[in-house]
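The values are calculated or read from the model by the stated rules, or taken from the named source; none is laboratory data. In this text, all values refer to a predicted model and were calculated from it rather than measured experimentally. Here the Cβ positions follow ideal geometry from the backbone for every residue, glycine too, while neighbour counts run over all protein chains shown.
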């Protein structure tokens, strides 16, 4: 299948597939000429951030999604692979492959749940934590770059507002 590099994110996409860079900015629910919808703008930000994270982690053979999974485990150690998949925004099958890759690198481990011996829990290893520590400043610089020009009170308001938006769209109570 032929692919091209998306101008907005630098990621490879199949030929013929629409990307934010190839879609009309006014696509969405707003009246013509009102500019892009907020959903569209949020997706553009997500794609640009993911592309920059890919640039950071590509040299060590990691993906932005693998990095995301490690950060989820840093905050919520000892969760099931299904919980990790949901909170890392990937399918269960993708997470299964990711767990194998991260486990092979010694960044995570799986242990039997003491309360249910049939269930495996995923935890971050010391090496996984050390990797996150090693890249924390670079990821923080990326976030700071994204927020350049916004005063701290607007950053706090943006974080709170996006949290409300996430909660409003949550399809399951208790999701992270």
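On the basis of being within 29 Å of residue 156 (Cα to Cα) and more than 17 Å from the chain's Cα centre (by Cα), does residue 55 make the cut? It is false that residue 55 is within 29 Å of residue 156 (Cα to Cα) and more than 17 Å from the chain's Cα centre (by Cα).
Looking across region 32-45, the residues that are exposed (fewer than 15 other Cβ atoms within 10 Å of the Cβ), on the phi < 0 side of the Ramachandran plot and not in a helix (DSSP H, G or I) come down to 32, 34.
Across region 124-138, the qualifying residues are those that are surrounded by 15 or more Cβ atoms within 10 Å (Cβ to Cβ) and without any contact (Cβ under 8 Å) to a residue 60 or more places away in the chain, and the one among them that is nearest to residue 62 (Cα to Cα) is 128. No other residue among 76, 111 is in contact (Cβ under 8 Å) with a residue 12 or more places away in the chain and under 23 Å from residue 170 (Cβ atoms) apart from 76. A count restricted to region 46-80 and to residues that are in contact with a strand residue (DSSP E or B) (Cβ under 7 Å, 6 or more places away or on another chain) and either surrounded by fewer than 19 Cβ atoms within 10 Å (Cβ to Cβ) or not in a helix (DSSP H, G or I) (or both) stands at 5. Taking (1) modelled with pLDDT under 95; (2) touching a strand residue (DSSP E or B) at 6+ places or on another chain (Cβ under 9 Å); (3) part of a strand (DSSP E or B) in turn, residue 87 satisfies each apart from (3).
The set of residues in region 81-100 that are farther than 26 Å from residue 142 by Cα and surrounded by 15 or more Cβ atoms within 10 Å (Cβ to Cβ) comprises 81, 83. Checked against (1) farther than 23 Å from residue 52 by Cα; (2) at pLDDT 95 or above; (3) in a helix (DSSP H, G or I), residue 155 passes all but a single condition, namely (1).
Would you confirm whether or not region 112-123 contains a residue that is touching a helix residue (DSSP H, G or I) at 6+ places or on another chain (Cβ under 6 Å), assigned to a helix (DSSP H, G or I) and at pLDDT 95 or above? No.
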